[in-house]
Amino acid sequence: MTAHRLPSRRSLLVRGAGVIAATAAPAWLTPALAQGTPLRPTPGQTEGPFYPVTLPADTDFDLLRNGAASYRKGEMAWVQGVVTDTRGVPVSGAVVEIWQCDQDGHYHHPGDGGKADPSFQGFGRITVGKDGAYRFRTLRPAPYSGRTPHIHVKVRLDRQELLTTQFYVAGDPGNARDGLWRRLGEQGQAALTRPFVPGADGLRAEFPLVVQA
């Protein structure tokens, strides 16, 4: 496990805004839009038993900082992408939520025994703008008994739930042993499994989200 020196909140926001702007017009949309071919919706998966019963007081994009407390275990990772409909149009106003276990495999949920590290926010929520872009600072997901590393994801628009699914780490040896990952099939696995690539400010993974809005 690697400790990180955390940058200031202001520098994170400025850096995040720059990256979101850079992802506003993803190249992977261009061929489908040019040909008029509908995009395949991101496959859904189970919500799982650990969606927060009570949301934390801090629910912003930075899961490694819970209020004034900083979480320093594991590997820092930026998880980002763009929410579009099947025509490739960004879904302005969509709310993206993620939640996951801490580095020791514990969720902020009474069903998990209350063992999660209080400095790990564990849940984040972002409302996307006109470009549909979202970005979270979190951990490279950690495994726990019976599951490969994953991040839970939910997309809402107004009162409608558009998608509930999970993100996976490309190349993780636990994937092939995970029943939920195997059930996705090749196309579903390709849609929800991405490499976490090293960068100047931590790991980075791109997960486009296509919803039927």
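Rule-based calculations on the coordinates, nothing more; no lab input. Keep in mind it's a predicted model, so treat the numbers as computed, not measured. Note that we place each Cβ from the backbone using ideal geometry, even for glycine, and neighbour counts take in every protein chain shown.
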Next item on the list: Return the FRET efficiency for the residue pair residue 144, residue 87: r is the Cβ-Cβ distance, R0 is 41 Å, and the value is rounded to the nearest 0.05.
Entry: 0.60
Note to self: Test of the criteria: in segment 96-152, which trypsin sites (Lys or Arg not before Pro) are in a DSSP loop and have at most 14 other Cβ atoms within 10 angstrom of their Cβ?
What the structure shows: 115, 130
Notebook entry, point to check: segment 111-213: Rg/Rh from Cα coordinates, Kirkwood Rh?
Noted result: 0.96
Checklist line | Modelled FRET efficiency - R0 22 Å, residue 186 with residue 46, Cβ distances, 0.05 increments | finding: 0.65
